[in-house]
């Protein structure tokens, strides 16, 4: 009789532990999914802020912001300050507060580049801003196309904005 009670107690404890473990896993997966959704929402909010800042800059100075170099993108995750020219200029001119991708690393960051007239077949000089990638599937890739280069394909799960001068 006592062994039967002991077996039932052990079985009840195992069932209880299993239920707690399964609940913990489900809650953890839900929380992780929600965190990705929140970070992607922040990315889109930052993109709108950056878009507005670039458009205000263009109105004020009658040109798009320049890069530090002609060959490299300004990127938000670089520790080298020279590669953050756009963001620094927009902050210094009070068009933008300090923004960066919530993860801000090699895979998830923002980038900007101003291209000269004629590059990639575009008749006017233009600039491209990109959210390089979202964590969830994102169908709206934005717009950024010249006759010889489609920038949206370079960030297939990201978001691209293009301006022309």
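The values are calculated or read from the model by the stated rules, or taken from the named source; none is laboratory data. Just so we're clear, the structure is a prediction, and the values are computed from it rather than from any experiment. Cβ coordinates were reconstructed from backbone atoms using ideal geometry, including for glycine residues, and neighbour counts include every protein chain displayed.
Some notes on this structure:
- Residue that is modelled with the highest pLDDT [pool: residues in region 71-107 that are under 15 Å from the mean Cα position of the chain (by Cα) and closer than 16 Å to residue 51 by Cα]: 101
- Filter result for residue 59 (surrounded by 15 or more Cβ atoms within 10 Å (Cβ to Cβ), at pLDDT 80 or above, out of contact with any strand residue (DSSP E or B) (no Cβ under 6 Å at 6 or more places or on another chain) and closer than 22 Å to residue 124 by Cβ): no
- Only one of the listed residues (47, 53) is in contact with a helix residue (DSSP H, G or I) (Cβ under 7 Å, 6 or more places away or on another chain), surrounded by 10 or more Cβ atoms within 10 Å (Cβ to Cβ) and within 29 Å of residue 139 (Cβ to Cβ). That residue is 53.
- Scanning region 1-17 for residues that are within 23 Å of residue 113 (Cβ to Cβ), loosely packed, with under 10 Cβ neighbours inside 10 Å and modelled with pLDDT under 90 turns up nothing.
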